[in-house]
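Let me begin by presenting the structure, written as structure tokens, before commenting on it.
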Amino acid sequence: MSEVRVRFAPSPTGNVHIGNIRAAIFNYLFARNNGGKFLLRIEDTDKERSTQEAVDALLDCMQWLNLDYDEAPLYQSTQEQHHLEVAKNLQDKGHAYRFIKGENEVTLFRMPWDLENYDCIREIDQQELPLHADVELEIDAGGVRFATISRKQKAVPMEACHAGYKDLKVFDADGKEIFDLNSNYASIISGDTTVKIANGAKITWTRHSVFFTDLIKGELSKPLDSMKDLVIVKSNGSPLFHLANICDDITQNMSHIIRGDDHVENTYRHVLIYAALGEKTPQYAHLPMIVNKQGKPYSKRDGDAFVGDFRTKGYTSDCLFNYLLLLGWSPGDEEKCSREDAIKLFQLEKVKSTAAQMDMDKLYNLNGQYLEVLSDENFITLVTPFVQSYSWYNGNEELLQTVAKLMKSRTKLVTQSESWEYYFQLVEPNDEKLIKKILGKEGMKQALLACADLLNETDFNDPDALGNTLKSAAENAGLNPGKLNQPVRFCVTSANGGADLMDTLALIGKEESVKRLKHNAEKFCLA
Ligand code: GLU
């Protein structure tokens, strides 16, 4: 294979969707696996919607995910002159034309009429359709329009490029041919003739389709009679996505285009523009969508959908990278795959051609696995800014570090650190149901107050001693051993679970634990 050159080409119009960044990840892995280049192109042609903020968010997101790109990013807006030259060139060669569409004069790419010269176009079959009597068939320089008849005898409007209706013939109700497109084509596209036929009853034509081979989806095709000529320059003179995207891919010498399959429809048109320009078409790989449980495109409505959402929620970048890379590609059955392994093993052919379903539970659990294997130091670095942002944090860094070490293996999301408040100060329980469930039993207040007295005499640095005290306190109260652990934890921490109880008590310390136990038992036990 000649040098692999791929790119991530986002439009900076808002937050970065996980579907987009997954395309970036797959491009990155493909380039790194092949020893090729991974480029970043910022498609900022839409001046109203592209903002500097969005560009900054994008660059930040690339950095956070460690998606290091080669060469300086190319800002599409800097290429505008070149795009317009290419449009002019297409126009000079008869592949594009100026046309008044509604109120605006735009430049359109003309779908090729000389179909036989295009390797990507094949003849399919002969077609015929009845024409609806109420709608005139109309052909002008912009294409062919007519209405056929639905099963309920309604008019069904149709419109396509001339090439879609190659060999078009129109017949009247007596079966007499009254028009043929091939012999009128030249004068129609010169803009001299607008054909309007009111008495047509039937049309026939030769259907052709445009083909390309997708590295993930296999051979794909689309009939030309379902395609219109394509606007490439707006009335205000600015080049549109299709032209800019193709020109830049040519300028940047892309070997492969790996992007979401929402672009398949564009690609049918793009291969024709490449051919009209006499340029070699890159190889395409369209990634299946990320979908929700209902199989619909995954969006903000389904939950966190932007990279920034996951970052602020406390997902690690390595976890998100791992999760997204295994969303639709898999080297085996493993849930975890390091960046290094992914680079070694990545193959486009192994990308699944079916949609990939987002599974938040899986992502959540995977994040826990990533946090668990972080070094204490790295976990502390990760969690510190989060803790510093909580209103309850009192600046006790040493305590924070000890708590972080204790809680690391129990943390699935860094934001769960918000619940660590009880290590820093008394937190009163506020969940009525839990209060009733845990502290509501008869005799509980006495049992806990007696336990507090026993704890006051216990060495908190000795887990066995602490365990024995809790056991004895339970026995004294006529409870099974261990039955006081949960109420004690609840009174000291207001939480229903957490790290090992003895470790927790030791960390909070004797004086504070006994004080809280008494305070909350007095205040919240029903009896
Ligand atoms: N700017 C386009 C997008 O974000 C790029 C598509 C492509 O990768 O070619 O959808």
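Can you spot a residue in region 294-306 that is modelled with pLDDT of 95 or more and within 23 Å of the chain's Cα centre (by Cα)?
no
Determine whether region 241-262 contains at least one residue that is of a type in the set (Val, Ile, Thr) and more than 19 Å from Asn27 (Cα to Cα).
There is no residue in region 241-262 that is of a type in the set (Val, Ile, Thr) and more than 19 Å from Asn27 (Cα to Cα).
Kindly provide the set of residues from region 27-75 that are touching a helix residue (DSSP H, G or I) at 6+ places or on another chain (Cβ under 7 Å) and under 16 Å from Ala342 (Cα atoms), ordered by number.
Scanning region 27-75 gives Leu29, Phe30, Arg32, Asn33, Phe38, Leu65, Asn66, Leu67.
Residue pairs, Cβ under 6 Å, 6 or more apart or interchain, first in region 262-291 and within 17 Å of Leu224 (Cα to Cα), second among the hydroxyl-bearing types (Ser, Thr, Tyr) and away from the ligand (no atom under 13 Å from the Cβ). List them.
Partner pairs satisfying both residue conditions: Val271/Thr281; Tyr274/Thr281; Ala275/Tyr118.
Name, by its number, the condition in (1) farther than 30 Å from Asn367 by Cβ; (2) among the charged types (D, E, K, R); (3) under 46 Å from the mean Cα position of the chain (by Cα) that does not hold for Glu418.
Glu418 satisfies all of (1) farther than 30 Å from Asn367 by Cβ; (2) among the charged types (D, E, K, R); (3) under 46 Å from the mean Cα position of the chain (by Cα) except (1).
Within region 138-157, take every residue that is over 39 Å from the mean Cα position of the chain (by Cα) and buried (at least 22 other Cβ atoms within 10 Å of the Cβ) and give me the one that is nearest to Val231 (Cα to Cα).
Filtering region 138-157 for residues that are over 39 Å from the mean Cα position of the chain (by Cα) and buried (at least 22 other Cβ atoms within 10 Å of the Cβ), the one nearest to Val231 (Cα to Cα) comes out as Ile139.
Test Tyr323 against the stated conditions and say whether it is without any contact (Cβ under 8 Å) to a residue 60 or more places away in the chain and under 13 Å from the mean Cα position of the chain (by Cα).
Yes; evaluated as a whole, the condition is true for this residue.
Quick test for you: out of Ala473, Ala447, pick the one residue that is within 21 Å of Pro429 (Cα to Cα) and of a type in the set (Gly, Ala, Ser).
Only one candidate qualifies: Ala447.
With (1) out of contact with any Pro (no Cβ under 6 Å at 6 or more places or on another chain); (2) touching a residue at least 12 places away in the same chain (Cβ under 8 Å) as the list, and Ile100 as the residue in question, which single condition is left unmet?
Ile100 satisfies all of (1) out of contact with any Pro (no Cβ under 6 Å at 6 or more places or on another chain); (2) touching a residue at least 12 places away in the same chain (Cβ under 8 Å) except (2).
Out of the residues in region 230-286 meeting the condition of being in a loop (DSSP other than H, G, I, E, B) and within 11 Å of the ligand (Cβ to nearest atom), tell me which one is nearest to Phe109 (Cα to Cα).
My answer is Pro282.
Quickly run through region 241-296 and pick out the residues that are acidic (Asp, Glu) and touching a strand residue (DSSP E or B) at 6+ places or on another chain (Cβ under 9 Å).
Asp248, Asp249, Asp261, Asp262, Glu265, listed by residue number.
So is Leu327 out of contact with any His (no Cβ under 8 Å at 6 or more places or on another chain), buried (at least 19 other Cβ atoms within 10 Å of the Cβ) and closer than 18 Å to Asp261 by Cβ or not?
In short, yes.
Does any residue of region 471-483 turn out to be under 24 Å from Ser419 (Cβ atoms) and assigned to a helix (DSSP H, G or I)?
no
Here is a check on your reading of the model: is Glu71 in contact (Cβ under 8 Å) with a residue 40 or more places away in the chain and among the acidic types (Asp, Glu)?
Spelling it out, it is not the case that Glu71 is in contact (Cβ under 8 Å) with a residue 40 or more places away in the chain and among the acidic types (Asp, Glu).
List the residue pairs whose Cβ atoms are under 9 Å apart, where the first residue sits in region 383-402 and is without any contact (Cβ under 8 Å) to a residue 12 or more places away in the chain, the second is loosely packed, with under 11 Cβ neighbours inside 10 Å, and the two are 6 or more positions apart or on different chains.
Partner pairs satisfying both residue conditions: Gln388/Gly395.
Filter region 41-58 down to the residues that are without any contact (Cβ under 8 Å) to a residue 40 or more places away in the chain and touching a Pro at 6+ places or on another chain (Cβ under 8 Å) and list them by number.
Passing the criteria: Ile42, Asp44, Ser50, Thr51.
Kindly check whether there is at least one residue in region 9-24 that is aliphatic (A, V, I, L, M), within 13 Å of the ligand (Cβ to nearest atom) and modelled with pLDDT under 95.
yes
Taking the condition assigned to a loop (DSSP other than H, G, I, E, B) and either of a type in the set (Val, Ile, Thr) or under 26 Å from Asp309 (Cα atoms) (or both), does Val403 pass?
So Val403 does not fit the description; no.
Among (1) in a strand (DSSP E or B); (2) touching a Lys or Arg at 6+ places or on another chain (Cβ under 6 Å); (3) within 16 Å of the ligand (Cβ to nearest atom), there is one condition Thr206 misses while meeting the rest; what is its number?
Unmet for Thr206, out of (1) in a strand (DSSP E or B); (2) touching a Lys or Arg at 6+ places or on another chain (Cβ under 6 Å); (3) within 16 Å of the ligand (Cβ to nearest atom): (3).
Tell me which residues, restricted to region 31-79, are part of a strand (DSSP E or B), charged (D, E, K, R) and within 15 Å of the ligand (Cβ to nearest atom).
Arg41
List the number of the failed condition for Asp172; all other conditions in (1) under 26 Å from Ala276 (Cα atoms); (2) at pLDDT 95 or above; (3) of a type in the set (D, E, K, R) hold.
Of everything listed in (1) under 26 Å from Ala276 (Cα atoms); (2) at pLDDT 95 or above; (3) of a type in the set (D, E, K, R), Asp172 misses just condition (1).
Among the polar types (S, T, N, Q) and at pLDDT below 95, is that true of Gln347?
yes
Which condition breaks for Gly94 when tested against (1) touching a residue at least 12 places away in the same chain (Cβ under 8 Å); (2) surrounded by fewer than 16 Cβ atoms within 10 Å (Cβ to Cβ); (3) more than 36 Å from the chain's Cα centre (by Cα); (4) over 22 Å from Tyr274 (Cβ atoms)?
That leaves (4) as the condition not met.
The values are calculated or read from the model by the stated rules, or taken from the named source; none is laboratory data. Keep in mind that this is a model prediction, so the values were computed, not measured. Ideal geometry is used to build each Cβ from the backbone, glycine not excepted, and the neighbour counts take in all protein chains shown.
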